[in-house]
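Peer 1: Please see the structure below; I have some questions.
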Amino acid sequence: MACFFGFLSRSVCLSLLLFFFPFALPMPASYAAVKSARYVGSLACKSCHEKEYISFITYAKKSRSFQSIERVRKGLTEEETRRCYFCHTTGYGKPGGFISPEKTPGLKNAGCEVCHGPGGSHARTKSRDDIKRHLTMKDCEACHTSERVKAFRFKPLIHGGAH
């Protein structure tokens with residue numbers, strides 16, 4: 001299936017479709033819990049996952065991903081800048097996700113929740129069932145598409161320096 005936007009990958013397109021039309025496809029019973037989950041920012045992970053948090057902040061480039069937007073912003077339109085937000089921030093376009101650096105500063109970089117999903121429920125319950133734990137390359141493909149890899153010359157590495 002090709003995305004009707006053309007420039008978006010299939011998985012990003014499907015995510016947008018589900019965001020704007022949540023009843024367009026049949027959903028598992030657990031979808032209501034996932035839909036109600038909220039983003040809390042990587043700092044909320046630190047108290048229980050300090051070693052992983054420090055490693056992520058120190059070594060993962062995505063922990064500073066908003067700097068890439070700031071570096072090239074002068075040459076971009078506002079719409080082009082917003083397209084960068086999908087991969088360079090946490091939860092942009094999703095309930096409780098990034099809105100702007102002023103309104104949601106804790107979500108302005110691509111943080112823990114980009115890979116592990118919204119952490120609000122997990123932070124509250126501490127349950128392993130409330131967070132995505134076993135990641136695959138499929139999880140990376142929302143942002144690390146072959147077109148972007150070629151255009152931006154980066155290599156998608158699963159857990160690449162994250163923790």
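The values are calculated or read from the model by the stated rules, or taken from the named source; none is laboratory data. Being a predicted model, the structure only gives us computed values, none of them experimental. Cβ: placed from backbone, ideal geometry, glycine included. Neighbour counts: every protein chain shown.
Peer 1: Ala32 fails exactly one of the following numbered conditions: (1) more than 16 Å from the chain's Cα centre (by Cα); (2) modelled with pLDDT under 90; (3) part of a helix (DSSP H, G or I); (4) over 21 Å from Arg128 (Cβ atoms). What is the number of that condition?
Peer 2: Every condition holds for Ala32 apart from (4).
Peer 1: Restricting to the range 79-132, give me the number of residues that are under 17 Å from Gln67 (Cβ atoms) and not in a helix (DSSP H, G or I).
Peer 2: Qualifying residue count, the range 79-132: 12.
Peer 1: Between a first residue in the range 74-96 that is under 28 Å from Ser121 (Cβ atoms) and a second residue that is in a helix (DSSP H, G or I) and acidic (Asp, Glu), which pairs have beta carbons less than 6 Å apart while being 6 or more apart in sequence or on different chains?
Peer 2: From residues that are under 28 Å from Ser121 (Cβ atoms), the pairs are Thr90/Glu113.
Peer 1: If I go through the range 72-88 residue by residue, how many of them are within 23 Å of Cys112 (Cβ to Cβ) and exposed (fewer than 11 other Cβ atoms within 10 Å of the Cβ)? First the steps, then the outcome.
Peer 2: Within the range 72-88, the subset within 23 Å of Cys112 (Cβ to Cβ) is 82-88.
Restricting the remaining residues to those that are exposed (fewer than 11 other Cβ atoms within 10 Å of the Cβ) gives none.
Result for the range 72-88: 0.
Peer 1: Right, something else. Filter the range 38-59 down to the residues that are surrounded by 15 or more Cβ atoms within 10 Å (Cβ to Cβ) and within 16 Å of Gly106 (Cβ to Cβ) and list them by number. Reasoning before the result, please.
Peer 2: Pass one, the range 38-59, residues surrounded by 15 or more Cβ atoms within 10 Å (Cβ to Cβ): 38-42, 44-46, 49, 52-53, 55-57.
Once the filter is applied, which keeps residues that are surrounded by 15 or more Cβ atoms within 10 Å (Cβ to Cβ) and within 16 Å of Gly106 (Cβ to Cβ), the range 38-59 yields Arg38, Tyr39, Val40, Gly41, Ser42, Ala44, Cys45, Lys46, His49, Tyr53, Phe56, Ile57.
Peer 1: Can you report the number of residues in the range 51-65 which are more than 12 Å from the chain's Cα centre (by Cα) and at pLDDT 90 or above? If you could, list the steps in order and put the result at the bottom.
Peer 2: Let us first name the residues in the range 51-65 that are more than 12 Å from the chain's Cα centre (by Cα), namely 51-61, 64.
Filter once more, so that each one left must be at pLDDT 90 or above: 51-58, 64.
Of the residues in that region, 9 qualify.
Peer 1: While we're on this one: Could you look through the range 100-145, keep only residues that are free of Cβ contacts under 8 Å to residues at least 24 places away in the same chain and aliphatic (A, V, I, L, M), and pick out the one that is nearest to Cys87 (Cα to Cα)?
Peer 2: Per the stated criteria, the residue is Met137.
Peer 1: Right, another one. Look at Thr104 and say whether it is surrounded by 13 or more Cβ atoms within 10 Å (Cβ to Cβ), under 16 Å from His144 (Cα atoms) and at pLDDT 95 or above.
Peer 2: Working: surrounded by 13 or more Cβ atoms within 10 Å (Cβ to Cβ): yes; under 16 Å from His144 (Cα atoms): no; at pLDDT 95 or above: yes.
When the stated conditions are applied, Thr104 does not pass them.
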